[in-house]
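Notes follow the structure.
The values are calculated or read from the model by the stated rules, or taken from the named source; none is laboratory data. The structure presented is a predicted model; accordingly, all values stated were derived computationally and were not measured. Here the Cβ is made from the backbone with ideal geometry for all residues, glycine too, and neighbour counts use every protein chain on show. In case anyone asks, the SASA skips ligands and DNA or RNA and just uses the protein heavy atoms, side chains included. Shrake-Rupley method; radii C 1.70, N 1.55, O 1.52, S 1.80 Å.
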Amino acid sequence: MSDASPLLYIGRFAPSPTGLLHFGSLIAAVGSYLQARAVGGRWLLRIEDLDPPRVMPGATDAILSTLEAFGFEWDGEVVYQSERDDAYAQALQALATRGVLYRCNCSRKDIAAQSVVGKAGLIYPGSCRQGPRGSKDEMSWRVRTDGAFIRFEDALQGAVDVDLEREIGDFTVQRADGIFAYHLALVVDDAAAGVTEVVRGYDLLASTAPQIHLQHLLGLPTPRYLHLPIAVNADGDKLSKQTHAPPLDAATRHESLAAALTFLGHPPPAEARGDLRSLWSWAHKAWDEQRIPRRATIQV
Ligand code: GLU
């Protein structure tokens, strides 16, 4: 298959180096990797280091070496969001030209006072649509969501319908400090890389409708989406840095990989558990999207 083939599957894993990889990240890495490899597709790696103050020093190198130690092989060069401001600025300009952006100078306090809580945080009521009140040097850019109804079929979680204005509200595409917002950067990067399927955790399902909205406004294709169940602790909280999920340890990579495969509905048989190589070669052959549990969360 040539790189230009529109039929080629292109998947990706896009960790944020705000912390080290843990079991929850491994599930997204394994799921996205096997979805790609099972059909002979490409699997790309993108480091989402968009927000410098949130980047943990050393995390990017640690993520790359952990992925390597676990036997992941990515295609092409690693993409770093910190190097892609020009592409994001161009997309912002394209949105401005379409007349769908406005400046907003609401403070966090203003927003908290005016908004109700929705599926993906506070629903901004569009207070600055007629122009920001007062003056302030630093203002964010928001994208209008009025009239946007987004429908998509998640490959695992089923049909999702979102009334964007009522459920999410006009969202930020560039923050007041100049940092481009996650939704904008992600949509630009996935399109630039020709990603055909986004495989990630269920916690990002609510991000999908705003991202599809941006794809529509920017004239970009919408990939297929598959949101994997996420690992939660006994309290129902997602494994994360905040809930003190232990970082992946290369010394126990074999057990962790077997546990991630089991979590994803593919418990490896005894004869495949000998070493990392046999686990992967079994997983490449055994992988079947239909075996992934159609659940939002699974307790580990
Ligand atoms: N960087 C995001 C995260 O680590 C993932 C984004 C995505 O996979 O779409 O949660």
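Observations
- Per residue, the chain exposes an accessible area of 48 Å² to a 1.4 Å probe, with every protein chain left in place.
- Over all distinct Cα-Cα pairs of the chain, the Kirkwood formula returns a hydrodynamic radius of 20.4 Å.
- Cross-link partners of K241 among lysines (Cα-Cα below 27 Å; sequence separation of 8 or more within a chain): K109, K119
- Here each label is just a point 7 Å from Cα along the line to Cβ, and for D146 and R224 those points are 3.8 nm apart.
- Charged side chains reduced to their Cβ positions (Lys and Arg at +1, Asp and Glu at -1) give the chain a dipole of some 640 debye around its Cα centre.
- Rg to Rh quotient for segment 185-297, alpha carbon positions, Kirkwood Rh: 1.03
- From the Kirkwood radius over Cα pairs of segment 1-142, Stokes-Einstein at 20 °C and 1.002 mPa s returns a whole-number translational diffusion coefficient of 116 µm²/s.
- Options L67, F149, Q242, ranked by Cα towards positive dipole end of the chain, top entry (Cβ charges): F149
- Cα-derived Rg over Rh, computed across segment 36-119 with Rh taken as Kirkwood radius: 1.11
- Charge tally in the Cβ shell below 14 Å around E73, where Lys, Arg are +1 and Asp, Glu are -1, E73 excluded: +1
- Simple Cβ-charge dipole of segment 95-226, Lys/Arg +1 and Asp/Glu -1, about Cα centre, in debye nearest 20: 460
- Here segment 239-300 and segment 23-80 have alpha carbon centers that stand 16 Å from each other.
- Segment 164-205, dipole about Cα centre (Lys/Arg Cβ +1, Asp/Glu Cβ -1), debye to the nearest 20: 60
- Debye intensity ratio in log₁₀ form over the Cα atoms of segment 76-180, taken at each q of 0.13 Å⁻¹: -0.59
- Principal axis dimensions, segment 156-211 - Cα atoms, whole angstrom, descending: 37, 31, 16
- Cα lying deepest toward the dipole's positive end in segment 91-240, options V195, H227, P210, charges on Cβ: P210
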